Amino acid sequence: MFIETRGNDGKNPKKVQFSYAILNPSASFGGLYAPCDLPKIDENFFAKMAKKSYKELTLEILKLFDIDIDEDILKKALDLYDGFDDKNSPAPLVKVKPDLFVNELYHGPTRAFKDMALQPFGYILSYLAKKRNEKYLILAATSGDTGPATLNAFENKENIKVVCLYPDGGTSDVQRLQMVTSEGKNLKVVGIRGNFDDAQNALKSLLASNSFKESLKKQNINLSAANSVNFGRIIFQIVYHISSYIELIKQNELKIGEKFYITIPSGNFGNALGAYYAKKMGLPIEKILIASNINNILTDLLTTGIYDISKRELLQSTSPAMDILISSNVERILFDKFGSARCKELMSDLSDKKFYKLNKNELDALREDFDAVYSDDEFALETIARFAKDGYVLDPHTATCIKAYETIKQKNIPCVICSTAEWTKFAPTMLNALQNDKEKYSDKEALEKFSKSLHVKIPNSINSLFEKKILHHDVVEKSQIEKSIVDFLKG
Ligand SMILES: *Cc1c(COP(=O)(O)O)cnc(C)c1O
C-alpha cells in the first residue's frame with residue numbers, strides 16, 4: 001500500500017494500491033505517493049538471485065512489493081527488456097578499474113536509463129487504462145531524455161495520448177529528432193520557445209488551468225504523469241541497483257554481505273531514491289554518492305542541510321539532464337526520514353520562501369545514507385577525454401560520477417557508478433572533450449568523427465534518425481501551448 005508524503009486532506013483515500021498511485025500520481029497538498037513499508041531482502045535472497053536472470057529478479061522484487069497487478073501482465077511488461085541490446089543482460093555491469101564498475105543503464109531503445117523504467121511502466125499503465133475503459137493524457141516536459149523514452153513507451157497504445165513539451169534549441173539534435181520523428185498517432189510533440197524551466201512551468205500552469213481541465217473533462221480524459229513523481233517508475237529503478245550487487249557477486253568481486261558504493265548522477269533524484277529504497281530493503285550499500293553539476297542544489301542539501309533556490313538561476317551545462325533546481329524526489333526521502341508533518345512543512349517553506357533548512361539531527365540522518373559532490377564542465381570534459389584514452393567512453397552525465405569516486409569515496413571497496421546515457425546523445429560535447437576544442441559541431445558530424453577515432457559503434461536507432469521524416473513541426477510561444485494541445489485532443 002501507498003501513503004501520501006504531505007499527509008491526507010480527507011478527499012483522497014488514506015492508503016492506496018499501486019494501480020491507484022500510478023494512475024493518479026498527485027497526492028494531497030501537492031504531495032506524492034510513497035510505500036508504507038518496504039519488503040526486506042537478505043543474504044539468502046542474494047544467493048538465490050545469483051542464479052536468476054534480470055527479468056526473474058525484477059519479477060521477484062515486484063512480487064515482494066505485492067502490487068495489485070497480475071503476474072502474467074508483469075511478465076509481459078518485463079518482456080520489453082528483450083528489445084534491449086542483450087536480452088539476457090539489459091543492464092550490464094562493466095569493470096573499468098579494479099574498484100570501479102559501471103552499471104550501463106542505457107542499452108534500451110532511446111539510449112538513456114529512462115527506458116529501464118518507462119518501457120515496463122508504459123505497458124502496465126496502458127494495460128490498466130484499457131482494462132478500466134478509461135482514457136488518459138500523459139503530459140511530459142523534457143530536457144531531452146524523458147521525452148523520447150515516454151513517446152517510445154506509449155507509441156500506439158490504446159486509451160493513451162501523450163503530449164511532450166521540449167525546449168526548442170535546448171536539446172541535442174539527436175534528442176530532438178528522437179521526438180519529432182515519432183510516428184504514433186497518439187503522440188504529440190511541441191517545441192517551446194524558452195528553456196526547460198519554461199517548459200516545466202508551462203506544464204504546471206496547464207495543470208492548474210480551469211479551462212484546460214474543463215476541456216479534458218468534456219472528453220472524459222484523465223491526466224497522469226510519466227516523470228519520476230510517478231511511483232510506477234521508481235519501483236523499476238530499485239531493481240537495477242540490486243542487480244549491480246548480484247553482478248559483483250557473480251563476477252567474484254564481492255562475497256555476499258560485503259558492502260559497496262553506488263554513485264549516481266542526479267537531477268530529479270529518482271535514480272537515487274531507487275538506491276535509497278534498495279538500501280533500506282537490505283542491499284549492503286556503504287553509501288550512496290550523489291554527483292551534481294554546477295546546478296549543485298543537491299550537493300548543498302546533502303552537505304549543509306540547506307536547500308536554497310532564492311538566489312539561484314538555472315545554469316546551462318554539458319550535462320543538461322541534471323540542469324535542475326527543484327528536485328522532486330527529495331520529498332520522498334524527507335517523508336521517509338522525518339514523517340509527513342515535517343515533510344509538508346519543509347515543502348511549504350520551499351514553495352513560499354524558496355528555502356528550507358534541516359536541523360543537525362536531520363542532516364546527520366541524511367548523511368547516514370548519502371554524501372555528495374559536484375563538478376563543472378571542465379571536469380566533465382577532461383574526465384571524458386582521460387577515460388576515452390584508457391578505452392572507456394563515459395557520457396557527460398556519467399562523467400560527473402568520477403568526481404565522487406575520486407574525492408568522496410572513503411573505503412577501499414568496489415564502487416558502482418550508474419551510467420545514465422549513451423555518448424551518442426551528446427556527440428558534439430564528446431568530440432569537444434576528445435579534441436580539447438570548442439568548435440560547434442552538428443550531432444551527425446560529431447557522431448561520425450567520434451566513432452571513427454575511437455572505433456565505437458553508433459546504434460542503428462541513432463543513425464537512422466537522420467533519414468526519418470519529421471512529423472512534428474510545432475514550435476510555439478508559451479501562450480499557444482494550451483490551444484495546441486486542445487486541438488490535438490479534439491483531432
Ligand atoms: C534523467 C537523467 C538524469 C537524472 O536522473 P534523476 O533520476 O532525475 O536524478 C541523469 N542523467 C541522464 C542522462 C538523464 O537522462
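The values are calculated or read from the model by the stated rules, or taken from the named source; none is laboratory data. Note that the coordinates shown come from a computational prediction; the quantities given were computed from them, not determined experimentally. A quick note on method: Cβ atoms are made from the backbone with ideal geometry, for glycine too, and the neighbour counts reach across all protein chains shown. Just so you know, the surface numbers come from the protein's heavy atoms only, side chains and all, with ligands and any DNA or RNA stripped out. Shrake-Rupley method; radii C 1.70, N 1.55, O 1.52, S 1.80 Å.
Things to note:
- Calculated mean residue ellipticity at 222 nm for the chain: -13500 deg cm²/dmol, from DSSP H runs with n ≥ 4 weighted as -39500 (n - 2.57), summed, divided by the residue count and rounded to 500.
- Entries in Lys114/Lys344; Lys97/Lys287; Lys114/Lys452; Lys259/Lys280; Lys213/Lys311; Lys97/Lys438 that, when Cα-Cα distance is taken, lie over 25 Å: Lys114/Lys344; Lys114/Lys452; Lys213/Lys311; Lys97/Lys438
- The range 345-491 shape via C-alpha gyration tensor axes, a/c threshold 1.5: oblate
- Solvent-accessible area, 1.4 Å probe, carbon plus sulfur percent, for the chain: 46 percent
- Amide N of the range 173-195 lying under 14 Å from the label point, which is placed 7 angstrom from the Cα of Phe488 along Cα→Cβ: 179-193
- Based on Cα contacts under 8 Å between residues 6+ apart, the range 32-101 shows a relative contact order of 27 percent.
- Here's the picture: a label point sits 7 Å out from the Cα of Asp86 along the beta-carbon direction, and within the range 217-258 the residues with their amide nitrogen under 13 Å of it are 247-248, 251.
- Whether the range 120-211 is rounded, prolate or oblate, judged on the alpha carbon gyration tensor where a/c under 1.5 counts as rounded: oblate
- Reciprocal of mean inverse Cα separation for the range 224-285 (Kirkwood radius, Å): 12.3 Å
- For the Cα trace of the range 162-239, dividing Rg by the Kirkwood Rh returns an Rg/Rh value of 1.00.
- Pairwise centroid distance, computed over Cα atoms, of the range 342-360 with the range 108-148, Å: 31 Å
- Karplus 3J(HN,Hα) series, Hz, for the range 203-214 with 6.51 cos²θ - 1.76 cosθ + 1.60 (x for Gly, Pro): 5, 5, 6, 5, 5, 8, 6, 5, 5, 5, 4, 4
- Contour minus Cα-Cα distance for Glu382 and His473 (0.36 nm per residue): 29.1 nm
- Whole-Hz Karplus values for the range 326-331 come out as 9, 9, 4, 7, 4, 3 Hz, taken residue by residue from phi with 6.51 cos²θ - 1.76 cosθ + 1.60 and θ = phi - 60°; glycine and proline positions read x.
- Considering only alpha-carbon pairs that sit under 8 angstrom and 6 or more positions apart, the relative contact order computed for the range 398-491 is 18 percent.
- Out-of-range pairs (alpha-carbon distance over 30 Å; input Lys188/Lys444; Lys204/Lys337; Lys409/Lys440; Lys204/Lys425; Lys55/Lys389): Lys409/Lys440; Lys55/Lys389
- Under the combined filter of DSSP loop state and at most 13 neighbouring Cβ atoms within 10 Å, the range 383-474 retains these trypsin sites (Lys or Arg not before Pro): Lys411, Lys438, Lys440, Lys457, Lys468, Lys469.
- Taking 0.36 nm per residue of separation and subtracting the current Cα-Cα distance, fully stretching the chain between Asn359 and Glu406 would add 14.0 nm.
- Tensor-based shape of the chain (alpha-carbon gyration tensor, a/c under 1.5 rounded, otherwise prolate or oblate): rounded
- Residues in the chain average 41 Å² of solvent-accessible surface per residue, probe 1.4 Å, ligands and nucleic acids excluded.
- DSSP beta bridges in the chain [antiparallel fraction, %, rounded to 5]: 25 percent
- Once C-alpha pairs closer than 8 Å and six or more residues apart are averaged by separation and normalised to the residue number of the range 82-157, the relative contact order reads 26 percent.
- Here the calculated FRET efficiency for Lys389 and Lys75, from their Cβ-Cβ distance with R0 = 60 Å, stands at 0.85, rounded to the nearest 0.05.
- A simple rule links phi to the HN-Hα coupling: the Karplus curve 6.51 cos²θ - 1.76 cosθ + 1.60 with θ = phi - 60°, which for the range 309-323 gives 10, 5, 10, 10, 10, 5, 9, 8, 9, 7, 10, x, 5, 10, 7 Hz, with x for Gly and Pro.
- The label point for Ile326 and the one for Asp437, both projected 7 Å from the Cα toward the Cβ, are 4.1 nm apart.
- In plain terms, the chain from Asn252 to Val94 could stretch by 55.6 nm, reckoned as 0.36 nm per residue minus the Cα-Cα distance.
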